[in-house]
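One structure below.
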Amino acid sequence: MFRRLWVFLTRNEAINSGRLFFCFLYVVAFLLPCAYAYLAVVPSDAQMYKSRGEAKFLYTGRTGYALQIGDAYFTCGGPFLYEDKNCFAFSKIPELTGKDMVVTWFPQPVFPLSTNRRVASIEIEGADLLPPGYLAAALHSDRERSKSTLLFSTICMALGYLLIEFMYRKRKKK
């Protein structure tokens, strides 16, 4: 089966680069992040890290707010949208800025060789800001979203591939 796939991908050098580009783009941009989101589980306490320091918030454009403690940045979102409006609410940011926080986090893979520092809990003066079960619910939401994202990206990739094939055959007839 792999031999047939390889022959199909390399049968003509003129469109080989387009096919390989779409395959590479699909794997790196969609398949791996979806797999990372789908396979994510709530880590054990031994796999969690704690960071303490003065809280600063950085607006990062499309990804929303990131919590900065020292030189490290933390996010509540998963591999796709990164932003989680329930975690760093815009209305709470002015009152949280400058306070001493303890952030419990874990490294969550996003792409190969790239991870996010995913927030599991935020404590200020011994009180947890996130509701109980927040992380499990967020990971479950990411898992469900990864299914639909993978389906949509697979359909778009197949249509893009068919477009390349159509253009090649139309050019070949001329």
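The table for this structure:
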quantity	calculated
Nonlocal amide H pairs with ALA120, under 5 Å, H built at 1.01 Å	THR104, TRP105, PHE106
Long-range amide H partners of CYS87 with built H, under 5 Å	none
Likely footprinting exposure, ILE122, ILE69, ILE155, fewest C-beta neighbours within 10 Å first	ILE155, ILE69, ILE122
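Only the coordinates and a few stated rules stand behind these numbers; no lab work does. Keep in mind the model is a prediction, meaning the values are calculated, not measured. Quick reminder, even Gly has a Cβ in these numbers, built from the backbone with ideal geometry, and neighbours come from all protein chains shown.
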